[in-house]
Each structure stands twice: as C-alpha cells, then as structure tokens.
Amino acid sequence: MAADTRPIVVIQTQRMGDLILTYPLLLWLGRTRPGQPVTVVAEPTFAGPLSRVSPAARYLPLAQGGRLIGQDCSLVVNLSIRPEAARLAGELAAETKCGPVTDAAGVTRVLGDWQLYRASLVGNNRHNRFHWAELNALDVVPLPEVAATRWPEPRHGGPGRVKVGLFVGASQPEKRPDAAFFAALARELIRRGLTPVLLGGPAEVELGAAVAHLVKAPIANLCGRLGLGALAVLGQELALLVTPDTGPMHLAAWTGWRVLNLSVGPVNAWETGPYQPGHYVLTPRLSCRGCWGCGACAAGAPVCQGLFDPARVAYVAARLARGEDKRLLGARLPGCRLWQSDRDARGLYRLRPLDQPGSPEARETLGALWKGIFGWLFGAWDAAPAQNAVAGLVREQPRLASSLGRGLAVLGAALSQGVRDGDVPDVAFMNRFAPHVRPLAGFVERVLQNGDGSRAARLRCLSLLEQVASLGPWS
C-alpha cells in the first residue's frame, strides 16, 4: 500500500503560549504520520520568530488560509476559537476534522470528543486534570505515543549560575504579581547572592521601568529589548526563569530553561502549567485556585496575589538556581503549595506536590476521579482507573461521594425531563448542579448544544450518565 502523503492542517490563531502548546501535537503528528506535510495556520507575530524552535511545519497566516482550499487533506485540527478559523476548517476538504468547524449553512459544531470536552471547560475547569497540550492531541494521536515520549530534563542550576530571569508581564494584569512584588523579589534574590534580570516584551517596558525604580539598586532591565529568538538564546545562560503563566514561560520550558511558575489569577496550572517534566509551580492555598475568573480578578485585585510572599518565592528560586532541588522536598510555604511537573502512570501530565504530605485534598481527589472517568468514557483506557478513583473517593471522602451519587441522580432526572421536552439547554444548565457534578453536567450541556438537542444527543448523554453511575456504589 502506498504511503499516505496527503497534507495535514493545524489551525492555532490564539496567543503565543497556545501556539507553543501546539508543538507537542506537531511532534506527535510527525511521528505517527510520517511523510505527511504539516501546515500550521497561526499568527505571524509569533510563528515567524519561533519557527526555529518549532517541530517541522510550514506556517501560514489566517489571512492566507484560503490558499489551502482545494487540497485533499488527511486531517484538519482547529484549535482556535475565532469564527474565521472555524469557517476555514469547514471550507477545507479532509478525511478527518477536529475542533470547531463551520459548515456551508453557517452552523458551527465541535468535532471530536476531546475537543468537545475542552470546550466544556469554559467557566467549568475546577476539576479538570488534562493539560491543554494533551487535549490538543488526544483525538488524533494514540495515547501510547503520548506516553512513550521522553522529554529532556530542564537544565539544572548549580555553583556559579547566579543569573535568574524575572518575567514581569502576562496577557492580563490579574495573571501576574504587581511591580512592588517583583521589586521585593529582586531585592531578596540580590540579598541571597543572585543576579536578577528583568524580562518582558514591548508591553512590559513601563512595568519593567517601575520595577527597576523600586528595586533601588543596579539591576539589568531588558524589558522590550529582546525578541523571542534572543530571549530563547539568553535563557541558555540563566539558571532559572521566575514567571507568571505566559507565552515566554512555555518557550522557556520547551527550550529546556527551568521554570518556577507563579500561578496566580484566572489560570489553572493543571491545564497550562509548564508542560515538560522537571519544572516547578507555586499555587495559592485557596479553594478557588485555577478559576476561570472571579469577582476579585474582574476588579483587578485577585486575592491569590497577596499569598505570594517575595521572601518565600526567593527562597525557592535560590534553591533551584543553586541546584539544591532536593532541599525543597517537604518545604513549608505558608499560603502556597509547591508542585513539580511530572507524568502519571499513563504518561499524562501531572503536578506532583512537594510540600509536607498529608491527606489528599478533596479537590485533588475529585480531579483524579473525573480524569479517570473521562479517559474511560472516551476510550483512552479501560474502566479500572475510574473504578479505583470512585473507590478512593468513597474511602477518603464518604460524604462527598454520597453527595456526588445524589447529584448524578438529579442530573439523570433533568436529562429524562429534557428528552420529553426536547429543549436545548443554555449556559445555565450546568450551573444548576454542585461543582463536583459540573464536569459531567458541563459536558452533557455541550453535547446537547452541539447536537441541537436531538434525540441521538440526548440518548448519548443518558448513556454517559448510566456508565458513570455504574461505577458505584457511591456510598
């Protein structure tokens, strides 16, 4: 049989970090579909400067995507939320399509279970434990290929490596600490014999100047002075990058520059933390961490920012810069939790807690539960991980397990009523349920919307619910 040489198109027109989190997909496509050229439709602002660190692909701006129409593609994966990207995905001829696709009648549907699951996370990601890089790929890349990938360890610190990068910006102000924090952190690093270097893009020039002024000591301020390529090169010389959840954070992780991620504001480190193993993440000790957004964030003053103490962050950064990683095991950091990026038994991303051990948080137990369930529902593995997760919840959190069982019954009643009424649920459907039931309720809502409330969509939802209920007993 002749080898398949039909092209593949990946559409990713979001931010810089989103593009870099597409790189694992490109890597896996190159391995699983050799000989098939890959074209990535992306923002040229990012695609051009990053092309030297990208897996093999041709890049086109969205405005030139029409050049692809008429080709016989084997696969189109749309990872963008932009309407024009969905229209392009609909216009391309392909054997398989995933993600939002708009047809000739102007109707947009999300194709692929994992892409539909990802869409269900909007405002509903509290218990998601799948990383964005993996959600990009699982509809089209076999899980064994993901699990078999071995990522190089990031460069470790050590004696003589004293320069620490501080990336001061983020796409939204609520996703980063303020100037006073970074100035205090810089002073603490100087006190520990390290050399902080302020980093940022053109949008951070003013912020970098404010930080440098507040430090009141000589400090290198490179904000607005380095392109993406130069930043990647500089990273080879620095011991560590301390950064919020940003595109440069993902660039650092991809190029082997060790990261200490300050995960603040409306970001979920399980979804968009540094993807490669061996990086570090600080999260606030708040039940709302990893939110999609809250009132405090909307007001520009996230509560979680105040839990990051510059002296404690400097302590962690100094240990990492000096190669003293093992001394962070069991560290006590009031107000924060310290994690390391790692892989679970199935080869998927996980955050491993490094602070003092104790009973698992209910939140983490629920996250593991829903990860096991959705992986089973979508055929990534058998029922055993989901069954074990349910048994663990019943054993460790019996009241929560019983409440979840009751919530599933309420969801079943709502679905049965919907079958009779034929209504298509709006965005309020999911919010009728308790947070620990919402992962399934949110996915059900999306399935029904995606299927226009059809009988087939409702029967699928009832089948999903029956499968989940069968994992019990829930008390």
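Select from the range 194-235 the residues that are in contact (Cβ under 8 Å) with a residue 60 or more places away in the chain and not in a helix (DSSP H, G or I) and write down the one among them that is surrounded by the most Cβ atoms within 10 Å (Cβ to Cβ). Working first, answer last.
So in the range 194-235, the residues in contact (Cβ under 8 Å) with a residue 60 or more places away in the chain come out as 194, 227-229, 232, 234-235.
Filter once more, keeping what is not in a helix (DSSP H, G or I): 194, 227.
Working: LEU194: 22, GLY227: 11.
Looking at the filtered set, the residue picked out is LEU194.
Could you please tell me which pairs satisfy a Cβ distance under 7 Å, a separation of 6+ or placement on different chains, a first residue in the range 169-189 that is touching a residue at least 24 places away in the same chain (Cβ under 8 Å) and over 16 Å from LEU199 (Cβ atoms), and a second residue that is part of a helix (DSSP H, G or I) and of a type in the set (A, V, I, L, M, F, W, C)?
These pairs meet every condition: GLU174/CYS297; ALA180/LEU214; ARG187/VAL215; GLU188/ALA311; GLU188/ALA314.
Go through the range 344-383 and report how many residues are open to solvent by less than 40 Å² (accessible area, probe 1.4 Å) and either in a helix (DSSP H, G or I) or under 25 Å from ASN261 (Cβ atoms) (or both). So that I can check it myself, show each step before the final result.
Going through the range 344-383, the residues open to solvent by less than 40 Å² (accessible area, probe 1.4 Å) turn out to be 344, 347-349, 351, 354-355, 362-367, 369-375, 377-378, 380-381, 383.
So of that shortlist, the ones also either in a helix (DSSP H, G or I) or under 25 Å from ASN261 (Cβ atoms) (or both) come out as 344, 347-349, 351, 354-355, 362-367, 369-375, 377.
Adding up the residues that qualify gives 21.
Looking at the range 151-171 only, could you name the residues that are assigned to a loop (DSSP other than H, G, I, E, B) and within 15 Å of PRO248 (Cβ to Cβ)? Can you show your working first?
Here is the first cut: in the range 151-171, the ones assigned to a loop (DSSP other than H, G, I, E, B) are 151-162, 168-171.
If the condition is that a residue be assigned to a loop (DSSP other than H, G, I, E, B) and within 15 Å of PRO248 (Cβ to Cβ), then PRO154, VAL168, GLY169, ALA170, SER171 are the ones that fit.
I'm trying to understand the selection: among the residues of the range 454-464, which are at pLDDT below 95 and of a type outside the set (Gly, Ala, Ser)?
Selection gives ARG455, ARG458, LEU459, ARG460, CYS461, LEU462.
Has the range 417-424 got at least one residue that is open to solvent by 40 Å² or more (accessible area, probe 1.4 Å), outside any helix (DSSP H, G or I), among the aliphatic types (A, V, I, L, M) and at pLDDT below 95? Break it down into steps so the answer makes sense when it comes.
Going residue by residue through the range 417-424, those that are open to solvent by 40 Å² or more (accessible area, probe 1.4 Å) are 417, 419-424.
Right, trim to outside any helix (DSSP H, G or I) and you get 422-424.
Those left that are additionally among the aliphatic types (A, V, I, L, M): 424.
Okay, now just the ones that are also at pLDDT below 95, so 424.
Scanning the range 417-424, I find at least one residue that is open to solvent by 40 Å² or more (accessible area, probe 1.4 Å), outside any helix (DSSP H, G or I), among the aliphatic types (A, V, I, L, M) and at pLDDT below 95, so the answer is yes.
For every residue, the table says whether it meets (1) modelled with pLDDT of 95 or more; (2) touching a strand residue (DSSP E or B) at 6+ places or on another chain (Cβ under 8 Å); (3) aromatic (Phe, Trp, Tyr).
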residue	(1), (2), (3)
MET1	no, no, no
LEU21	yes, no, no
LEU26	yes, yes, no
VAL41	yes, yes, no
ALA47	no, yes, no
LEU50	no, no, no
VAL53	no, no, no
PRO83	yes, yes, no
ALA86	yes, yes, no
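Within the range 362-417, track down each residue that is among the aliphatic types (A, V, I, L, M) and farther than 23 Å from CYS461 by Cβ. Steps first, please.
Initial filter on the range 362-417 (among the aliphatic types (A, V, I, L, M)): 362, 366, 368-369, 373, 377, 380, 383-384, 386, 389-391, 393-394, 400-401, 404, 408-411, 413-415.
Residues satisfying the conditions are ALA362, ALA368, ALA384, ALA391, VAL394, LEU400.
All but one of (1) closer than 23 Å to VAL468 by Cα; (2) open to solvent by less than 60 Å² (accessible area, probe 1.4 Å); (3) of a type in the set (S, T, N, Q) hold for GLN340; state the number of the condition that does not hold.
(1)
Name every residue in the range 133-180 that is among the aromatic types (Phe, Trp, Tyr) and surrounded by fewer than 21 Cβ atoms within 10 Å (Cβ to Cβ), in order of residue number. Explain how you work it out, then say what you get.
The first filter runs over the range 133-180 and keeps only residues among the aromatic types (Phe, Trp, Tyr), leaving 151, 167.
Correct list: TRP151 only.
Hey, GLY367 hits all of (1) in contact with a His (Cβ under 7 Å, 6 or more places away or on another chain); (2) at pLDDT below 90 but one; which does it fall short on?
(2)
Which one is modelled with the highest pLDDT among residues in the range 430-452 that are of a type in the set (A, V, I, L, M, F, W, C) and assigned to a loop (DSSP other than H, G, I, E, B)? Before the answer, list the steps.
Of all residues in the range 430-452, those of a type in the set (A, V, I, L, M, F, W, C) come to 430, 433-434, 437, 440-441, 443-444, 447-448.
From the residues that got through so far, the ones that are assigned to a loop (DSSP other than H, G, I, E, B) too are 433-434, 437.
On the way: PHE433: 93, ALA434: 93, VAL437: 96.
Filtering first and then ranking leaves VAL437.
Only helices (runs of 4 or more DSSP H) wholly contained in the range 13-132 count here; list those with 3 or more residues that are touching a residue at least 40 places away in the same chain (Cβ under 8 Å), open to solvent by 30 Å² or more (accessible area, probe 1.4 Å) and farther than 30 Å from VAL427 by Cβ.
Values: elements: 16-20, 23-32, 44-50, 83-91, 113-119.
By residue number, 23-32.
Report the residue count in the range 212-243 for those that are modelled with pLDDT of 95 or more and over 30 Å from ALA47 (Cβ atoms).
5
Note down all Cβ pairs under 7 Å where the first residue falls in the range 447-475 and is over 20 Å from ALA409 (Cα atoms), the second is open to solvent by 80 Å² or more (accessible area, probe 1.4 Å) and not in a helix (DSSP H, G or I), and they're at least six residues apart or on different chains.
What qualifies is GLY453/ASP423.
Quick check on this structure: which one of ASP325, ASP309 is modelled with pLDDT of 90 or more and farther than 21 Å from GLN276 by Cα?
Details: ASP325 fails: farther than 21 Å from GLN276 by Cα.
ASP309 is the lone residue from the list that is modelled with pLDDT of 90 or more and farther than 21 Å from GLN276 by Cα.
Test each condition in (1) assigned to a helix (DSSP H, G or I); (2) within 25 Å of the chain's Cα centre (by Cα) for VAL427 and report the one that comes out false.
With (1) assigned to a helix (DSSP H, G or I); (2) within 25 Å of the chain's Cα centre (by Cα) applied to VAL427, the lone miss is (1).
The values are calculated or read from the model by the stated rules, or taken from the named source; none is laboratory data. Worth saying up front: this structure is predicted, and the values here are computed from it rather than measured. Please note: Cβ atoms are built from the backbone with ideal geometry, for glycine as well, and neighbour counts cover all protein chains shown. Calculation scope for accessible area: heavy atoms of the full protein, side chains included, ligands and nucleic acids excluded. Shrake-Rupley method; radii C 1.70, N 1.55, O 1.52, S 1.80 Å.
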